[in-house]
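Data block below; observations after.
Derivation of every value follows stated rules applied to the coordinates shown; laboratory data play no part. Not measured: the values here are computed from a predicted model. Reconstructed Cβ throughout: ideal geometry from the backbone, glycine too, with neighbour counts over all protein chains shown.
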Amino acid sequence: MMVIAKHQTPSPRIDPAAFFKKLGLFVADERPIMEPWRAANAAWRAQRRAQIAALGQRTDAHIRRYSRAKKSPAGSSPPQMGRRRAVWCVELRRRFRSLTEAAKFVDKSPANISQSLKRGVRCGKYHWETFDPQKHDEGHARQGA
């Protein structure tokens, strides 16, 4: 025996607003409740973006203000950025081709020689100056090792 299914017609679409109005009820719609929340969230996001932008501007201003290159004191030479800087030993009247060479001679760190140059103090029993060919007479001086 063969069963034939009846053809069902699709149920008509019902408009919820019309249906609730016919019954005398309000439409169950979440949008009126959610709208103030969405507006509050959008306002918070806008305020937060403004705060972050203001913080970025303050940070940039702080960096520009406090990260300026420090001016070297009068009479001192500017940093050489990795280049060799000849130094002069005052007591020995001797020229060294670099801070490292002078530091090896006195068995100290090149940073110690650099501090001696900046502050005008001794390092390893000797006073050090940045070599200046016009000031220091190389003709009578010995060349460093």
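Brief remarks follow.
- Per-residue Cβ neighbour rank within 10 angstrom, fewest leading, Glu35, Glu129: Glu35, Glu129
- Residues Phe19, Phe131, Phe96, ranked from the fewest to the most other C-beta atoms within 10 Å, line up as Phe19, Phe131, Phe96.
- If the chain linking Val121 and His62 were pulled fully straight, counting 0.36 nm for each residue of separation and taking away their Cα-Cα distance, it would gain 17.8 nm.
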